[in-house]
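For reference, the structure discussed in these notes is given below.
Only the coordinates and a few stated rules stand behind these numbers; no lab work does. These numbers were taken from a predicted model, which means no experiment stands behind them. Virtual Cβ from ideal backbone geometry, glycine too; neighbours counted across all protein chains shown.
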Amino acid sequence: MVNLTTKERLLLEDEKSHETLCVSKYNDYSNRAKCQELKQLFSSLAQKEQQHLDSINQILNGTVPNVNSGNQGSQNQQNQQMQQNSTLSMPNMGSNVSSATYDENDKMLCQDTLSTEKYVSATYNTAIFEFKDKNIRQVLNHIQKEEQEHGEQIYNYMNQHNMYN
């Protein structure tokens with residue numbers, strides 16, 4: 001059983017609200033996106049954000065989740081699959097595609113989620129330094145790394161669809 005300081009508990013409550021917003025946003029944006037590939041990306045990210053939320057709730061309830069138990073292999077496999085899906089969709093675009101072929105709404109959804117990932121990653125950076133328990137710091141560091149990977153996946157999608165200038 002982990003005993004959290006008041007400051008640690010408040011930081012976790014902040015992260016909990018961020019993760020709740022991310023789950024809600026990705027699920028909503030998955031429904032609103034026009035591009036099927038983007039719908040799948042947002043749906044996948046919603047699931048990952050739900051795992052982060054579950055981890056934060058576990059810590060708030062006094063248990064430190066084990067982030068090293070097979071999670072890394074599935075994450076690497078998921079990242080490779082997302083990259084393959086992105087690469088597979090590229091040839092379908094053709095070589096004479098102008099930068100205006102993407103949907104403006106999809107671009108806005110991507111810009112918003114990329115900004116959100118930047119912000120959430122930064123909040124984890126601050127929180128990591130405030131925890132005395134090394135195991136909790138490792139969990140938060142693991143989540144932050146995944147938030148950065150989410151941002152990379154969104155950036156890659158945007159870049160491949162001529163949305164990123």
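The table below gives the values:
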item	result
Under 14 Å, Cβ to Cβ, from residue 101 - net charge with Lys/Arg +1 and Asp/Glu -1	-2
Protection proxy ranking, peptides 55-65, 2-12, average beta carbon neighbours within 10 Å, highest first	55-65, 2-12
Nitroxide proxy distance, nm - points 7 Å out along Cα→Cβ at residue 103 and residue 31	1.4
Distance in nm between pseudo-label sites at residue 10 and residue 111 (7 Å out along the Cβ direction from Cα)	3.5
Local electrostatic count at residue 141 - Lys and Arg +1, Asp and Glu -1, tallied over other residues with Cβ under 14 Å	-3
